Every structure is written in C-alpha cells, then in structure tokens.
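Okay, here's the structure, questions in a sec.
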Amino acid sequence: MSATVSVRDNTEAARFEAWIDGELAGFAEYARTGGVVEYAHTQVRSDHEGEGIGATLARTALDDARERDLRVRVSCPFIRGWLERHPEYQDLQDR
C-alpha cells in the first residue's frame, strides 16, 4: 500500500471509515447499545482490496471497543475471521 490510510469514526453514520487521498476506501459499520458494540458489515472498495484496509478498520474498531470498555459482538464475516486470527482481541467478545 503506497498511500496513507486515515480511519475516522463517523458517529452520525455509525461506522469507521478508511480514507485514502480524500476518497472513502472502505468502512466498518457498528451499532453501540449499552455496554456492547456489534460490528455488522465491513466493505472495502474493489480498487483497494488487498491493501490491508479491512485489517486497519478491524483493528481500529476493536481498539475503540477496548478503550470504551465495550463487549464485542461480531456478525460481520470479515471482522469475525480477523478476530479469530488475532487472539490478543478475543477477550473483547461478548459470549
């Protein structure tokens, strides 16, 4: 990946957004309710697939959950798979 990815929490849209050179490259949608956040859908533009944007979104979203002391529910297949490969985040799961 040659460009720098900037991730923002767009609370109005309830999603983390990855931006590259002023363009939206991907997002991870969430719903926060009480002490739980659910990650429902992640999408990366096809011209940015394979650049690590999905992983950056997942890490940012899960770091945010940890900082807010939220339990995590994951219905998004991408974030679920990422979480399975990163045991350092598995303690966040709401079981």
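Look at region 51-95 and say how many of its residues are within 18 Å of N10 (Cβ to Cβ) and polar (S, T, N, Q).
Selection size over region 51-95: 2.
Let me ask you something else. I need the full set of residues from region 1-22 which are at pLDDT below 95, more than 15 Å from L57 (Cα to Cα) and surrounded by fewer than 12 Cβ atoms within 10 Å (Cβ to Cβ), in order please.
Scanning region 1-22 gives S2, D21, G22.
Take the residues of region 30-42 that are surrounded by fewer than 17 Cβ atoms within 10 Å (Cβ to Cβ) and touching a Cys at 6+ places or on another chain (Cβ under 8 Å): which is farthest from D91 (Cα to Cα)?
Checking each candidate, the answer is H41.
For region 73-88, does any single residue satisfy the condition of being among the polar types (S, T, N, Q) and without any contact (Cβ under 8 Å) to a residue 24 or more places away in the chain?
Within region 73-88, none of the residues are among the polar types (S, T, N, Q) and without any contact (Cβ under 8 Å) to a residue 24 or more places away in the chain.
Oh, and also: Please go through region 45-94 and give me each residue that is among the basic types (K, R) and surrounded by fewer than 12 Cβ atoms within 10 Å (Cβ to Cβ), ordered by number.
R68, R85
Further question on the same structure: For region 1-57, which residues satisfy the criterion of being of a type in the set (K, R) and in contact (Cβ under 8 Å) with a residue 24 or more places away in the chain?
Matches in region 1-57: R32 only.
The values are calculated or read from the model by the stated rules, or taken from the named source; none is laboratory data. These figures come from a predicted structure and were not determined experimentally. As a convention, Cβ positions derive from the backbone with ideal geometry for all residues, glycine included, and neighbour counts pool all protein chains shown.
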